[in-house]
Amino acid sequence: MKFSEMPYKRPDFEACKTELRSKIEAFKNAENAEEQIRCIDEINVLHNHIETQAELSNIRHSINNKDEFYEKENDYWDEYGPLYENESQALAKTILASPFLEELKKKYPEQYFSILEMDIKSFDQCVIEDMQEENKLASKYNRIRATAQIDFDGKTYTLPKLAVFLEDPDRSVRKRAAKAICDFYGSHEQEIDEIYDKLVKVRDKIAKKLGFKNFVELGYVRMKRSDYNASDVAGYRRQILDIVTPMAQELVEEQRKRLGYETIYDYDLDYKFASGTPKPQGSPEWIVEKGRKMYSELSPETDEFFTMMADNELLDLVSKDGKEGGGYTTFITDYKSPFIFSNFNGTSGDIEVLTHEAGHAFQVYCSRNITLPECIWPTYESCEIHSMSMEFFTYPWMKNFFGKDTDKFYYDHLAGTVRFLPYGVLVDHFQHEVYEHPEMTPAERKATWRMLEKMYMPWKKYDDEDLYERGGWWFKQLHIFNSPFYYIDYTLAQVCAQQFFGKMNKDFKEAWKDYLHLCQLGGTQSFLGLVKEAKLKNPFEEGTVAATMGVVKEKLAEFAKGDIL
């Protein structure tokens, strides 16, 4: 079914609650495991229908924050989402208390029961009002970004459209564009500080009501992290700091010399080559058609997948007024349809986001027939392996998008994966500091960010951007507001994807076989279980980052040959 034809109807919460409780009662009264399995199947049908309506509302609201109907529906889900979650909790508790639990465990994967246990730990009726408040605060931040109208050189731009000027060859244009973006956030500084301060405090309150020491502990449970902890992550961050930060600093220094600047500022970082930045050589429609060809040639599975997406309006790619920033992939359960949302703006990022989000969408398409909603998607750090690896698996087709600038794109993209890692762990480290010290003032949070920024990204220098110099750059990072602790995931996955990159350069078919297997597993295993299934090395183990970066460094040197720089 085409996306525009998918009907949306707000569920009647009381009716849903009555039906769900009736089915849970039937589960309790079942005389054997087979009856309970049938009950779970019936409950999942209802769960999927509710989830479908929530996703349709979310997608249409994020496409146009100015749509009054979906603005009201978004408010509904902010308020009622935690109430639906409360009903799901009752099911999780009932399943784990089943007298036939051992037989159920023979039917369903171990990860399913692990997820149920973490769902129970992360929720209770006593935090419903707090969760509603958390949702509303995050939505308030999203609206500030999505409705931004910024005057620049006589025209008005959204944030994604204004960001295009950060790649302009004219340094003065880049500087003024960066300042305009900084000034926009600066003009909302008090409001954003208040939103985040309330978010930190309400999340800390939720954690303590649920019996956790602080929100760090609850955040890990919410993220379904069952096989690693904050100590593992801290050790991994040290690997990035010791090995990748110096490598990234070398890349930035090479860029400074290449551009001929005495000092490289933040507004120069997206301008990589004086000879011109690689850009897709056609319109968004042209990109989609090239995407069709690429995925038709990559594999039969990707051909079927992308044709279905393109033919059914499941791609909303172009930036426009009222549209939220960023990009995401979601899954419309009743129709077994992934949906890709992005903000094309004419830069190489358009191709990167298309392949990245297509990696997410392809994974969920491969696992769409898994009957347990909890196991269709894996946990977030595993999800990002699919997306970031797809960016590499599509390298052989980049010439169709970039022509003579293809080698330059390869270098830029691969160097970007290195430079991203220190930023990714910075975001994670910052959040640990914030939630371990919820009493911090807004000024202290900014000072903490700037201190960590200088540690992980010592090349980051600002010029006439007061908010950033005081440590306010993180205002731009929506994950910090919307999805706390969802960021180290990107870096863990990047190290895994870089391993796939190394494997595909030795044997593309064998690497693709491992990748396809990973996608088909969905979320039936934990992160480290999936890493093992994909024949990858554990990123937390000492030496993994160093070995991975060694391969990347070799390929960067290869791509840098000739006159592409």
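The values are calculated or read from the model by the stated rules, or taken from the named source; none is laboratory data. Computed from a prediction, not measured in an experiment: that's the story for all the values here. Virtual Cβ from ideal backbone geometry, glycine too; neighbours counted across all protein chains shown. Calculation scope for accessible area: heavy atoms of the full protein, side chains included, ligands and nucleic acids excluded. Shrake-Rupley method; radii C 1.70, N 1.55, O 1.52, S 1.80 Å.
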Hey, what angle do you get for helix 230-239 against the long axis of the chain, alpha-carbon based, 0 to 90 degrees rounded to 10? 20
Simple spin-label estimate for residue 334/residue 171, 7 Å along Cα→Cβ, in nm, reads 5.7
Would you work out if segment 222-278 is rounded, prolate or oblate? Take a ≥ b ≥ c from the square roots of the eigenvalues of the alpha-carbon gyration tensor; rounded if a/c is under 1.5, else prolate when a/b is larger than b/c, oblate otherwise. prolate
Cβ-Cβ cut-off under 12 Å around residue 29, Lys and Arg +1, Asp and Glu -1: the net charge is -1
For a quick check: with amide H placed at 1.01 Å from N, whose amide H comes under 5 Å from residue 10's, ignoring anything fewer than 5 positions away on the same chain? none
Probe 1.4 Å, heavy atoms of protein chains only: per residue, the accessible area of segment 439-565 in Å² is 41
Label point at residue 201 placed 7 Å out along Cα→Cβ; residues across segment 419-459 whose backbone nitrogen lies under 20 Å: 431-448
Among the listed pairs 201/460; 23/106; 2/290; 155/293, give every one whose C-alpha distance is greater than 28 Å. 201/460; 155/293
Per-residue ellipticity at 222 nm attributable to helices in the chain (runs of n ≥ 4 DSSP H, -39500 (n - 2.57) apiece, nearest 500 deg cm²/dmol) works out to -21000 deg cm²/dmol
Alpha-carbon centroid distance for the pair segment 361-384 / segment 1-63, whole angstrom: 18
Decide, for segment 190-348, between rounded, prolate and oblate: order the square roots of the alpha carbon gyration tensor eigenvalues as a ≥ b ≥ c, take rounded if a/c falls under 1.5, and otherwise choose prolate if a/b is larger than b/c, else oblate. oblate
In the chain, which cysteines lack any other cysteine Cβ under 4.7 Å from their own? 16, 39, 126, 182, 375, 383, 496
Which FRET efficiency, nearest 0.05, do residue 2 and residue 368 yield, Cβ-Cβ r, R0 25 Å? 0.90
Taking the 0 to 90 degree range and rounding to the nearest ten, how far is the long axis of helix 171-187 tilted relative to the main principal axis of the chain, both from C-alpha atoms? 40
Search the structure for amide H atoms under 5 Å from the amide H of residue 345, placed 1.01 Å from N in the peptide plane, and list their residues when 5 or more places away or on another chain. 350
Just to check I understand the Karplus step: with θ = phi - 60° and J = 6.51 cos²θ - 1.76 cosθ + 1.60, what whole-Hz values come out for segment 215-221, glycine and proline as x? 6, 4, 4, 5, x, 5, 5
Between residue 560 and residue 262, what's the calculated FRET efficiency when r is the beta-carbon distance and R0 is 25 Å? Round to 0.05. 0.65
A correct Karplus calculation of ³J(HN,Hα) over segment 292-304, with 6.51 cos²θ - 1.76 cosθ + 1.60, θ = phi - 60°, whole Hz and x for Gly and Pro, returns 4, 5, 4, 6, 5, 8, 5, 6, x, 5, 6, 4, 4
Net charge over other residues, Cβ less than 9 angstrom from the Cβ of residue 445 (K, R count +1; D, E count -1): -3
Could you point to the label whose value was computed as Kirkwood radius over Cα pairs in Å for the structure here, given (i) 23.9; (ii) 24.7; (iii) 27.5? (ii)
Note the angle between two axes, namely the Cα long axis of helix 189-209 and the longest principal axis of the Cα atoms of the chain, as a number of degrees from 0 to 90, rounded to the nearest 10. 40
Looking at the square roots a ≥ b ≥ c of the eigenvalues of the Cα gyration tensor of segment 152-275, which shape do they give, rounded for a/c under 1.5, prolate if a/b is larger than b/c, or oblate? oblate
So, with points 7 Å from each Cα along the Cβ direction, the residue 117-residue 443 label distance in nm works out to 4.6
Determine the alpha carbon to alpha carbon distance for each of 179/320; 105/209; 9/105; 224/513; 175/404; 446/537 and list only those over 24 Å. 105/209; 9/105; 224/513; 175/404; 446/537
Other-chain or far-sequence residues with amide H under 5 Å of residue 152's (modelled H): 157
Please list 153, 183 from largest to smallest accessible area, probe radius 1.4 Å, with all protein chains kept in place. 153, 183
